[in-house]
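Novice: Here it is, the structure, as structure tokens.
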Amino acid sequence: MAGRQDLETAHATNDKLRRHMRILVDLGRLATQKLDLEGLLQQAVVQVARAVEIDHVKIMRYRREKADLLLEAGTGWKHGVVGNARFPIDLRSPPGRAFQTGEPVVIPDTAQAPEFTISPVLQEHGILSLANVPVLLDGAAWGVLEVDGTAPRDYSAETLNFMHAASTTIGVAIQRAQIAKAETEALAAAAAETHSREVLLAEMQHRVKNNFQIILAMITIQKRRLHEDAAQRALDHIANRINAISLAHDQLNPSQGLRVVNLAVYLQALCATVEHQLEDIAIDVQADEIDLLIDRAVPLGLVLNEAVTNSVKHAFGGGGGTISVRLMAGVGRGEARLSVSDNGRGIDPSGPRGSGLRLIQSLAMQIGGQVEQHSSEKGMTISVQFPIIT
């Protein structure tokens, strides 16, 4: 008979420990959510009540200006108690002693604890037993977590261990909320400075754009002075590449420090610019939203420019056709793929490799990308798979 009772006790203890672990996990999730501090503490007391299987739980916050403990969040209390009830911090007060000493205070039966003064709030609610632990921030007491029973109760070691773990999690959540509040205040204080910085960056962006325009104008003037077709084609290639870089700078967002480009918008703008120069060749663009540092976006823009130029020059033999551009996120682990395909006549894989493909490979290497080329009688595809780094 005794063995059966021991087994039942062991099962009950294991069930309790499993319940405590589940609820600690729930508390951990709460601590990572973007909740206001009041809402977080209120949900925390509900979770603690579930774990300890008790009706009355409260979290008290120390108020330096009042030298008391304010009932900040609670469950099971009458209307008006939460947010208003105050508890002293002297050593005769159970929560006061826990706060002052940093040690838990357990009273199995308030009638048998003459060294403590039981608060009128607890007496009004018929509280006859309690256990509390301090809530610590960086080793110093922020307040107290307390559970209160309406019957005498000997709180077990498992319960106290759970309360210690819960108070630690609550302390982490409070500290995280305080840090977030401090960061918000710091951001607000720096708002004027940030605005001035954005204006300055926008002005710098405008000047960079002007410099690109000057370079392109110089190339145009030089092109007029040259009559050889090869020289003019070379200058056209250079101008297209400079325009690709200029378009990337157009997409920079001042609010992100002029460092990040929306890759989908950039590639669509680049394709639209190229398509305007073509006859009977359409460029179809489908692009996932990806933000990328400009130092990595520019090489991809140049890759696209070279791949489209290759298709225009070699794929269609003077006829019309379609070039498909695809930008796909979620390829591999933290990678994306840019592919340029045409429905032209393909290329002879045994033939010499052109300078365009060599340039594409060089540009891909700059961003840790890998180039693949496939050709058949149905057309050619050049793709670059690259890591997304912002």
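Novice: Give me the extension gain from Ile221 to Asp55: residue separation times 0.36 nm, minus the current Cα-Cα distance, reported in nm with one decimal.
Specialist: Full-extension gain reported as 51.3 nm.
Novice: Here's a follow-up. Take each of the peptides 50-60, 229-239, 374-384, average the number of other beta-carbon atoms within 10 Å over its residues, and list them starting from the highest.
Specialist: Per-residue Cβ counts within 10 Å, averaged per peptide and sorted highest first, yield 50-60, 374-384, 229-239.
Novice: So, one more: Output needed: percent of Cα pairs per 10 Å distance bin for the stretch 67-186, bins running from 0 to the one holding the longest distance.
Specialist: With a bin width of 10 Å, the distribution comes to 13, 43, 34, 8, 2, 0.
Novice: Calculate, for Gln366 and Glu183, the FRET efficiency according to 1/(1 + (r/R0)^6) with r their C-beta to C-beta distance and R0 41 Å; round to the nearest 0.05.
Specialist: In this case the efficiency is close to 0.70.
Novice: Antiparallel DSSP bridges in the stretch 278-390: what percent, to the nearest 5?
Specialist: 75 percent
Novice: Averaging sequence separations of C-alpha pairs under 8 Å and six or more residues apart, then dividing by the length of the stretch 2-189, give the relative contact order as a whole percent.
Specialist: Answer for the stretch 2-189 is 19 percent.
Novice: Let me ask something else. Got a sec? Which residues in the stretch 30-68 would a label at Glu124 touch, if it sits 7 Å along Cα→Cβ and we count backbone N under 18 Å?
Specialist: 56-61
Novice: Starting from 0.36 nm per residue, how many nanometres of slack lie between Val81 and Ala230 once their C-alpha separation is accounted for?
Specialist: My answer for the length gained is 44.9 nm.
Novice: Using a simple spin-label model with points 7 Å from Cα along the Cα→Cβ vector, what separation in nm is obtained for Asp154 and Lys66?
Specialist: Between Asp154 and Lys66, the simple spin-label model gives 3.7 nm.
Novice: Just order 177-183, 297-303, 71-77 by mean Cβ neighbour count inside 10 Å, highest at the front, would you?
Specialist: Taking the mean over residues of other Cβ atoms within 10 Å, the ranking is 297-303, 71-77, 177-183.
Novice: Roughly what would the spin-label model give for Val25 and Gln277, points 7 Å off Cα along C-beta, in nm?
Specialist: 5.9 nm
Just so you know, all these numbers are worked out from the coordinates, no wet-lab data involved. None of these values were measured; they are calculated from a predicted model. Cβ: placed from backbone, ideal geometry, glycine included. Neighbour counts: every protein chain shown.
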